[in-house]
Amino acid sequence: MDLKQLSYFSAVVEEGSISAAARRLHISQPPLSAQIRLLEGELGCLLFERGARHIRLTEAGQLLYERSRALLALADSTRRELRDYQEGTQGTLRLGVVSSVSGSMLQQWIVTFHKKHPGVRYEIAEANTYQLQDQLISGRIELAVIRTPFSENGLKYRYLPAEPMLAAGLPSCFQSFPEETISLEQLSCFPLLIYRRWETVLSDLFSHAHITPRILCNSEDARTTLLLTQGGLGIGIVPQSARSLDHDAALVFKTIQSRELTSRIALAWNPSAHLSATAEGFIEHISSFF
């Protein structure tokens, strides 16, 4: 099994048929079919269920496709990095970022780093914390800026200072609550829009306070939470650094009165993988802001 076979196999999956994949790859159908048969023979299992017009992945084929995507992406990134070094630049920083730090904070980090290291290129992947941890483990990215809570999964982390969680809402929502902070009891008056992985933490806090919250919407993205909040759907619960995502300044933010309800940004990397000098420099660069 080699990268060429995996690229052929992935093309067949993505195109849905041998003929369409052959056109994409600019080869004829017989050698492509032969490569797929060789791959199935080497692996000792069927990868496709063949139909009259289309083919469908088997469970083994689905597993191989998921691994193939990661391997081909890593190979492509490696080729680009080596080309960058050959051309005398300083390589490519493959960085994953969660949405709640993809606003002005990320802009400041990268712009100031670029001024010091103008030869560095950037490949930025935006996803949720768990997806970025998986990408670190598979080698698709080198660093990830993620947010607690999460399981450490054998990765290495450098944590930034804790920040409070905020309640975000339209000004009309908070007319009866003029203070800079808001209590859990006051929050229970509103439909709440929250991160899915904060549901357990918030439910426990409300339960200990003998309060029943009205959770209207769970999502995986701070931008989605704030967008729905701007639409007047309810009160969004977001970390403090997500304020920069409110580009229209339409919302009012209040600190939630709870010592337990805090979040920390963490810079993560895989200790089992090689960490480039560029990545090491970026870790130190971010640390200098705190």
**Request:** Please give the helix 104-116 orientation as an angle from the longest Cα principal axis of the chain, in degrees from 0 to 90, rounded to the nearest 10.
**Result:** 60 degrees
**Request:** Per DSSP H run of at least 4 residues, take -39500 (n - 2.57); add these up for the chain, divide by its residues and hand me the 222 nm value, nearest 500 deg cm²/dmol.
**Result:** -13000 deg cm²/dmol
**Prompt:** How much FRET efficiency would the formula 1/(1 + (r/R0)^6) give for Gln107 and Thr58, where r is the Cβ-Cβ distance and R0 is 35 Å, rounded to 0.05?
**Reply:** 0.20
**Asked** Which FRET efficiency value, to the nearest 0.05, is calculated for Asp248 and Glu42 with the Förster distance at 41 angstrom and r the Cβ-Cβ distance?
**Response** 0.15
**Prompt:** Treating the beta-carbon of each Lys and Arg as +1 and of each Asp and Glu as -1, no other charges, what is the dipole magnitude of the stretch 172-285 about its Cα centre, to the nearest 20 debye?
**Reply:** 160 debye
**Dipole moment magnitude, nearest 20 debye, the stretch 55-204 about Cα centre, only Lys, Arg, Asp, Glu C-beta charged** = 720 debye
**Item:** the stretch 122-184, accessible surface, carbon-and-sulfur percent (1.4 angstrom probe)
**Value:** 50 percent
**For Lys4, solvent-accessible area (1.4 Å; no DNA, RNA or ligand), Å²** = 130 Å²
**Item:** Cα lying deepest toward the dipole's positive end in the chain, options Ala268, Pro213, Ser33, charges on Cβ
**Value:** Ser33
**Message:** Relative contact order for the stretch 207-290: what percent, with Cα pairs under 8 Å and sequence separation of 6 or more?
**Reply:** 18 percent
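So if R0 is 41 Å, what FRET efficiency would Gln29 and Asp134 give, r being the distance between their Cβ atoms, rounded to the nearest 0.05?
Working: r = 35 Å, r/R0 = 0.85.
Rounded to the nearest 0.05, the efficiency is 0.75.
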**Asked** Rolling a 1.4 angstrom probe over the protein heavy atoms, how many square angstrom per residue are accessible across the stretch 161-219?
**Response** 52 Å²
**Separation between Cα centres of the stretch 212-246 and the stretch 102-166, rounded to whole Å** = 21 Å
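Given Cβ point charges of +1 (Lys, Arg) and -1 (Asp, Glu) and nothing else, what value in debye, to the nearest 20, does the dipole of the chain about its Cα centre take?
The calculated dipole for the chain is roughly 580 debye.
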**Request:** Between beta-carbons, use under 13 Å as the cut-off and find the net charge around Leu193, counting Lys and Arg +1, Asp and Glu -1.
**Result:** 0
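Nearest-5 percent of antiparallel DSSP beta bridges in the chain? Walk me through the numbers before you get to the answer.
Details: 21 of 39 bridges.
Once the DSSP bridges in the chain are tallied, antiparallel ones form about 55 percent.
Please give the contour-minus-distance gain from Ser203 to Gln257: 0.36 nm per residue of separation, less the Cα-Cα distance, rounded to one decimal in nm. Please list the in-between numbers first.
Numbers: separation 54, 0.36 × 54 = 19.44 nm, distance 1.50 nm.
Length gained, Ser203 through Gln257: 17.9 nm.
The values are calculated or read from the model by the stated rules, or taken from the named source; none is laboratory data. The shown structure was predicted, so the numbers you read here are calculated from the model rather than taken from an experiment. Virtual Cβ from ideal backbone geometry, glycine too; neighbours counted across all protein chains shown. Quick note on the areas: whole protein, heavy atoms, side chains included, nothing else; ligands and nucleic acids left out. Shrake-Rupley method; radii C 1.70, N 1.55, O 1.52, S 1.80 Å.
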